[in-house]
Every structure is written in structure tokens, then in C-alpha cells.
Amino acid sequence: MGEWAIRVADLRKQYPGRDGPIDAVNGLDLEVRVGECFGLLGPNGAGKTTTVEILEGLNKPTSGDVEVLGRRWESQATEIRERIGVTLQETRFPEKSTLLELVGLFRGFYREGLEPEDVLGRVSLDGKANSYVEQLSGGQQQRLAVAVALVGDPELLFLDEPTTGLDPQSRRQLWDVILDLRNRGRTTVLTTHYMDEAERLCDRVAIVDQGKVIALGSPADLIARLGGEHVVEFAVGGGEPPPDPSCFAELSTVLGTRAEGDGYALTVGAPHRAIPALLDYLEAAGRPLARLTTRQVSLEDVFVALTGRHLREEEADAARASKPGRRRRR
Amino acid sequence: MSHYHPLLGLYVSRLREFYRQPARLFWVYGFPTVLALGLGLAFQSRVPESVQADLVRNAASDPVEKVLRDYDAKARAGRKQGVQLRVVPEDEAMKRLRTGKTPLVVVKATSGAITFRYDATRPEATSARAAIDAILQREAGRVDPIRTEDTVVNEPGSRYIDFLIPGLIGQNTMGGGLWGVGFLLVNFRIGKLLKRFTATPMPRRDFLLAILLARLTFLVPDVAVLLSLGVFVFGMPIQGSLWLVALVEVVGALAFAGIGLLIASRAQTTETVSGLMNLVMLPMWIFSGLFFSAERFPEAAQPFIQALPLTQLLNALRAIMLEGAGPTSHVVLVALGVLSAWAVGTFLVALRIFRWQ
């Protein structure tokens with residue numbers, strides 16, 4: 001099987017749409033190494049789920065080359081299915097099944113696999129083994145979905161937005177499960193639109209937008225590509241029209257500028273030099289400082305820098321609402 | 001316990017899902033039982049119903065009242081048709097007639113003449129008039145030239161309940177097949193469970209086979225509950241072979257499971273599937289002879305009605321249970337043929353167009 005768990009070249013998927021065909025996936029290339037946790041990151045509708053479903057054999061590509069665990073869906077579908085584990089977004093398992101029965105049912109589909117009891121222990125649901133599915137919380141149901149995916153002892157695991165809609169504590173519990181899998185050397189492909197999740201869990205990340213990979217690398221790599229490691233966010237007061245972000249480009253150690261909500265975000269190399277320069281500039285321009293914060297650069301900044309848009313629509317909408325008529329693309 | 005064969009695992013999980021839902025148990029077993037009991041008691045054969053009449057109270061009404069009351073007492077003792085009489089003032093009698101509370105008002109004038117007031121379009125009014133007229137005429141001395149005798153037919157096997165029980169068994173088979181297969185599959189599709197199953201090496205054939213086997217398993221209590229109700233509560237005789245009943249039921253259940261599968265093959269929402277179910281079931285409830293014989297519909301509609309699977313299932317069940325039809329009788333052969341055609345046809349089409357995702 002070699003080094004690659006997944007190889008995808010020039011993958012395309014076209015759906016018929018009302019105003020002509022829609023390219024959900026538009027020339028996507030991807031290589032996932034054996035043993036890594038690989039993140040597909042992107043906003044809703046970027047083509048992540050379509051891509052993953054093609055990899056899982058649940059959807060057929062319009063064109064392109066797909067190899068999973070060194071095999072092809074056209075000729076070796078059952079062999080691939082024996083070796084992969086899948087969680088979908090929001091699977092509703094039969095309510096009146098106990099956890100043990102459900103995991104046992106799925107165990108029966110695989111020639112080789114793990115003991116259902118052990119798998120439930122792996123996701124910390126062993127105490128609930130004899131409860132009905134309907135008695136689980138949302139976070140527990142997601143962990144159950146992971147347990148069901150693990151029971152065939154897969155070489156490759158797909159997790160499609162595993163923590164969407166979960167409370168912070170449930171998210172952390174699920175992260176622990178995924179980190180545990182990574183430590184056991186299992187290949188995992190994870191889609192998410194949470195940046196912190198990808199930074200925390202993934203060895204490498206592909207940022208997907210409009211059906212293409214627009215950036216690829218480890219989270220640290222991608223962040224480093226922005227140049228600076230810090231973001232200075234501020235807003236200015238005064239009734240005047242707001243200054244253009246480019247005004248701040250010449251300040252000491254500033255590497256990137258953009259408008260952000262009702263203020264600005266500067267990517268800087270050294271905050272202790274950039275902030276005094278910024279304060280001096282505002283003082284000279286006669287604009288009072290309304291707020292000022294600094295933080296570490298995140299993958300979110302990488303995404304905004306690449307696309308001019310936020311990952312999650314609600315944040316983008318909030319930003320748009322606060323700045324009518326202004327486009328933040330650069 | 002965990003290392004089930006996929007088919008066995010799927011089959012057992014279907015059974016569990018069913019018996020762990022008390023509400024479903026009620027709709028499948030409780031409801032038809034209550035319906036059969038209710039209709040059975042309502043149409044139970046008993047003493048012929050009394051005729052009903054109001055007599056206007058006046059100076060001449062007393063002797064008439066006495067004649068009718070005496071007749072009634074004698075009739076009831078002999079389990080024959082009596083007279084249920086009310087003696088009321090004229091105003092009230094006329095009001096009760098207008099509002100349909102009594103079918104007949106009898107007025108005896110002081111001159112001796114008797115007037116009947118009634119609406120001739122109401123059958124119970126004309127029969128009450130005829131009965132009371134005859135009683136009063138005989139009492140006054142009329143002698144009937146011919147002696148007549150009544151024999152009431154009340155044999156088990158020919159009562160309404162005997163007609164109804166096979167109907168309810170057939171309709172339960174239809175409901176079980178359509179809901180138990182169609183609704184279930186659409187719910188699985190909506191919950192992405194079908195998709196989740198197809199992402200495993202599970203043989204798809206096993207999945208559908210497990211649903212069918214579970215359906216045939218549920219058929220046993222389905223039929224047994226209603227059949228024992230008929231036999232043990234209503235004393236319904238079963239003339240033909242129970243094995244033949246079982247065979248017809250199995251083929252019928254497969255036909256309805258095929259229709260359920262066809263309905264579910266593309267539907268994406270519960271609204272769509274419920275609508276389709278009703279579209280399919282409503283004509284059969286009306287035309288297939290569930291509550292009254294399908295032969296009452298016009299001749300021109302018969303080819304359509306006889307092609308419906310429920311019609312054929314009910315024809316065969318009634319022929320076997322009530323008339324003792326054997327496996328080679330025309331009715332049973334036709335029913336088995338039509339039901340098999342439905343089963344094979346729907347499965348072939350459904351499997352071709354079925355959407356797993």
C-alpha cells in the first residue's frame with residue numbers, strides 16, 4: 001500500500017443546478033499519508049463533504065482519479081469498505097437499540113474487527129453499553145458514531161464534522177478520542193469548519209474553498225506563511241470616514257492589513273514595535289483608539305487572508321452587517 | 001453475542017425495534033382487536049328489533065295502549081318482534097315525528113277510526129305501520145287466511161362478524177407491509193442510516209432480506225390475534241385449511257412488502273411517503289370489500305377492483321375460512337396468481353430504482 005492512504009488527482013463533481021451545472025468539487029488534488037490526521041478545512045458548501053463522500057464510496061465523481069488505501073472504488077469496493085470507518089454528519093441510529101447491540105450489529109458486517117465492549121470503552125461510553133440510543137446526549141451520540149466507525153478496526157477513518165453543534169465540553173471529549181486514535185497511528189481524515197479543532201488535532205490541513213485546495217500544510221506551516229505570528233486588532237473612534245486599511249501597511253513590522261468587523265486586523269512580526277508605531281500614527285492623525293487587542297495568529301486568519309472571507313458564515317454575516325456596502329476582499 | 005452474521009444481526013435488530021415500542025404494539029394488535037370487538041358487538045345477532053311508535057293520548061287511546069302493551073309483553077317472552085310504545089300528548093308526538101325521534105304516530109279518534117302519521121320514505125316507519133296495523137286488525141277480529149311461520153337465520157359463518165374478521169386480517173397485512181417496510185425505509189433514509197449501512201461491507205441483499213423476514217415473522221401474531229378473536233370470542237368456524245390461510249397470507253404479505261418497497265424507493269421525506277401510502281391504501285379500503293362486499297360496486301369497475309391485491313387477499317381468505325375452499329379452487333388460484341404478480345413486479349421495479357442515499 002505504501003506511503004499514501006489516499007491519493008486524489010483532479011477530482012471533479014458536477015451537480016445539475018437550476019442555473020446550469022454546479023461544480024461542487026472543481027479540480028481537487030489531495031494526498032494523505034498513512035498514519036497522519038489530515039484535516040479538510042473550509043466553509044460550508046466548499047465541497048468538503050462531497051469530496052469525503054467520494055472517498056467513502058458513497059458518491060461517484062464526475063471525473064478524476066481516486067485511490068483509497070491503494071485500491072479503487074470501481075474494482076475493489078468491498079475491500080475498501082472492509083478497511084475504512086465512516087461517521088456521517090448526524091446519523092440517527094435506531095432509538096430503541098442499546099449501544100452494545102448497535103455496535104455489535106455493525107461488527108457483524110466486518111470480517112475482522114474489535115470487540116464491541118472495547119470500542120465503547122475507547123470512546124468512554126462503556127458505562128452506557130446497555131442504555132438505549134435515545135437516552136444519549138448529542139455529544140454521546142457523536143462518540144457512539146465514532147465507536148460504530150471503529151468497530152471494523154479500520155485502517156482509515158473518516159470523520160465528517162464530528163463536533164458541529166456540540167457544547168465545548170463534549171467537543172473536548174471527542175477531541176480526546178481523536179487524539180487517542182492519532183497516537184495509535186491510525187490514519188484519520190477530518191472535515192471541520194472549526195479552526196481551533198484543526199489546529200489542535202491535525203498533522204496537516206488542506207484548506208478547501210469553492211471545490212479546490214487553496215492551501216496545504218501543517219497548521220504551523222500555514223500560519224507561518226502569513227509571516228507574522230501575532231494579530232493586532234483595533235478600532236478607531238471619531239466621526240470621520242474610517243481610514244483605508246492600507247494606511248497601516250507601512251508601520252513597523254506590519255506584514256498584512258485588513259478591515260475586520262468595525263475595525264482593523266494587522267498581522268505583525270513584533271507587537272512591541274508595531275503597537276507604539278500604531279499609537280503614534282493615530283495620535284498624529286487625530287483619531288482616538290476605541291479598542292486594542294493582540295492575539296496569536298490562527299488558521300482563521302490564514303483562511304481570511306487567502307479568501308477574504310470568514311470560515312463560518314454567521315461570523316461573516318455579522319462582519320458584513322456591521323460594515324454596510326464595504327467589501328472585505330482584497 | 002456480538003458476532004452475529006449480518007443477516008441474523010439485522011433481523012434481530014428489526015424484531016427488537018418493534019417489540020420495544022409499546023405504541024406500535026397497540027396500533028398493530030390493540031387497535032384491530034378493539035375494532036373487531038366493537039363492530040362484532042354492534043352487529044351481533046340478537047332478538048329482532050322492536051318497532052317503535054308514539055300513541056297520542058286522548059279519550060280513546062287507553063284500549064289501544066292496552067292491546068299494544070299486551071302484544072309487546074307476549075312477543076318479548078317469545079323472542080319475537082315487540083312494540084316499543086310511548087303514549088304522549090298530540091303536540092309532543094307531532095314534534096317527535098318532525099324531529100325524527102319516532103317514526104310513527106298513531107291517533108285513535110273517538111269515532112273509532114285510526115290514523116297513522118309517518119314519513120313513507122323511512123323504511124322503519126312503513127314497517128312499524130304495517131306491524132301495528134296488523135296487531136290492531138287481528139285484535140279486532142281479522143283472521144289471516146294463510147298460516148305463516150318465521151325462521152331467523154343466525155348460523156355462525158354467515159354473520160357480519162364472520163365477514164369482518166378476514167377483512168381485518170387482510171387490512172392488517174396491507175398496513176403492516178406498507179408501513180412496516182415503506183415507512184421504515186424512508187425513516188432510515190432520512191436518518192442517513194441507509195447511507196451509513198452502505199458505507200460498510202454489509203451485503204445489501206441481507207439488509208432487504210432481514211426486513212422481509214421480520215415482516216413475515218410479525219405476520220404470525222398479526223394473523224393469530226385476529227383469528228383467535230374470531231374463533232374464541234365470536235365462535236367463528238374455520239371451514240378450510242389453516243395452512244392454506246398461512247400460504248395466502250405469506251404471498252399477500254410479500255405483495256404488500258413489495259409495494260412498500262416501491263413507495264420507499266425514492267421518497268425523501270415522511271410527508272411524501274405518508275401521502276403515497278394513503279394514495280395506495282385508500283382505494284383498497286374503499287373498493288376491496290373490507291367492510292362490505294366488493295361485488296356491490298358496478299360491473300364496469302370490477303376489473304380494476306379485482307386487480308387490487310387487497311381484494312384478492314380478502315377473496316381468498318373468505319373463501320378458505322368461510323366456504324372451505326381448497327388449494328385448487330378457482331378463487332384461491334386467482335388470488336395467489338394476482339398477489340404473486342404484484343410481489344414479483346413491485347420488487348423488480350423497486351430494486352431497480354431504489355435509492356440507497
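The values are calculated or read from the model by the stated rules, or taken from the named source; none is laboratory data. Quick caveat, the model's predicted, so the values are computed rather than measured. So basically every Cβ, Gly included, is an ideal-geometry build from the backbone, and we count neighbours across all protein chains shown. Ligands, DNA and RNA are excluded from the accessible area calculation, which covers all protein heavy atoms including side chains. Shrake-Rupley method; radii C 1.70, N 1.55, O 1.52, S 1.80 Å.
Points worth noting:
- Condition check for A:Glu90: of a type in the set (Asp, Glu), open to solvent by 10 Å² or more (accessible area, probe 1.4 Å) and under 27 Å from the mean Cα position of the chain (by Cα): yes
- Residues of segment A:64-86 classified as within 24 Å of B:Leu8 (Cα to Cα), β-branched (Val, Ile, Thr) and assigned to a strand (DSSP E or B), total: 2
- B:Arg86 satisfies every condition listed in (1) of a type in the set (Lys, Arg); (2) in the same structural domain as B:Trp179 (by TED's automatic domain parsing); (3) outside any helix (DSSP H, G or I) except (2).
- Residue ID - surrounded by the most Cβ atoms within 10 Å (Cβ to Cβ), chosen from residues in segment A:130-150 that are farther than 20 Å from A:Val52 by Cβ and within 11 Å of another protein chain (Cβ to nearest Cβ): A:Val133
- Taking (1) surrounded by fewer than 22 Cβ atoms within 10 Å (Cβ to Cβ); (2) in contact with a helix residue (DSSP H, G or I) (Cβ under 8 Å, 6 or more places away or on another chain) in turn, A:Asp153 satisfies each apart from (2).
- Qualifying residue in segment B:270-280 (condition: within 14 Å of another protein chain (Cβ to nearest Cβ), modelled with pLDDT under 90 and under 23 Å from B:Phe183 (Cα atoms)): yes
- Meets criteria (within 14 Å of chain A (Cβ to nearest Cβ), surrounded by fewer than 22 Cβ atoms within 10 Å (Cβ to Cβ) and on the phi < 0 side of the Ramachandran plot) for B:Ala224: no
- Segment B:186-207, residues that are more than 7 Å from chain A (Cβ to nearest Cβ), open to solvent by 30 Å² or more (accessible area, probe 1.4 Å) and assigned to a helix (DSSP H, G or I): B:Asn187, B:Ile190, B:Arg204, B:Arg205
- Annotation note: of B:Ile305, B:Ile286, B:Ile320, the sole residue that is in contact with a Phe, Trp or Tyr (Cβ under 7 Å, 6 or more places away or on another chain), in a helix (DSSP H, G or I) and within 30 Å of B:Ser158 (Cβ to Cβ) is B:Ile305.
- Scanning segment A:68-122 for residues that are within 7 Å of chain B (Cβ to nearest Cβ) and under 24 Å from A:Ala9 (Cβ atoms) gives A:Thr78, A:Arg81, A:Val86.
- Of the residues making up segment A:180-189, one or more are of a type in the set (S, T, N, Q), at pLDDT 90 or above and either part of a helix (DSSP H, G or I) or under 16 Å from A:Gly35 (Cα atoms) (or both).
- Of all residues assigned to segment B:265-276, at least one qualifies as being surrounded by 23 or more Cβ atoms within 10 Å (Cβ to Cβ), on the phi < 0 side of the Ramachandran plot and either touching a strand residue (DSSP E or B) at 6+ places or on another chain (Cβ under 9 Å) or not polar (S, T, N, Q) (or both).
- Cβ pairs under 7 Å, 6+ apart, first in segment A:57-85 and β-branched (Val, Ile, Thr), second in a loop (DSSP other than H, G, I, E, B) and surrounded by 18 or more Cβ atoms within 10 Å (Cβ to Cβ): A:Thr78/B:Pro201; A:Ile80/A:Gly57; A:Ile80/A:Leu69; A:Ile84/A:Glu56; A:Ile84/A:Pro154
- Leading residue by the ranking (least open to solvent (accessible area, probe 1.4 Å)) among those in segment A:175-189 that are touching a residue at least 40 places away in the same chain (Cβ under 8 Å) and of a type in the set (Lys, Arg): A:Arg186
- Hits in segment B:326-342 (condition: open to solvent by less than 50 Å² (accessible area, probe 1.4 Å) and either farther than 18 Å from B:Ser288 by Cα or in contact with a Cys (Cβ under 9 Å, 6 or more places away or on another chain) (or both)): B:Gly326, B:Ser329
- Number of residues in segment A:253-282 that are assigned to a loop (DSSP other than H, G, I, E, B) and surrounded by fewer than 16 Cβ atoms within 10 Å (Cβ to Cβ) equals 3.
- Filter pass, B:Ala130 being among the small types (Gly, Ala, Ser) and at pLDDT 90 or above: yes
- Members of segment A:93-126 that are without any contact (Cβ under 8 Å) to a residue 12 or more places away in the chain, more than 30 Å from the chain's Cα centre (by Cα) and not in a loop (DSSP other than H, G, I, E, B): A:Glu101, A:Leu105
- Meets criteria (assigned to a helix (DSSP H, G or I), within 22 Å of the chain's Cα centre (by Cα) and surrounded by 20 or more Cβ atoms within 10 Å (Cβ to Cβ)) for A:Gln169: no
- Strands (runs of 3 or more DSSP E) lying entirely in segment A:1-63 (those with 3 or more residues that are over 18 Å from the mean Cα position of the chain (by Cα)): A:4-15, A:22-33
- Taken together, the residues in segment A:270-304 that are more than 30 Å from A:Val208 (Cβ to Cβ) and among the acidic types (Asp, Glu) amount to 2.
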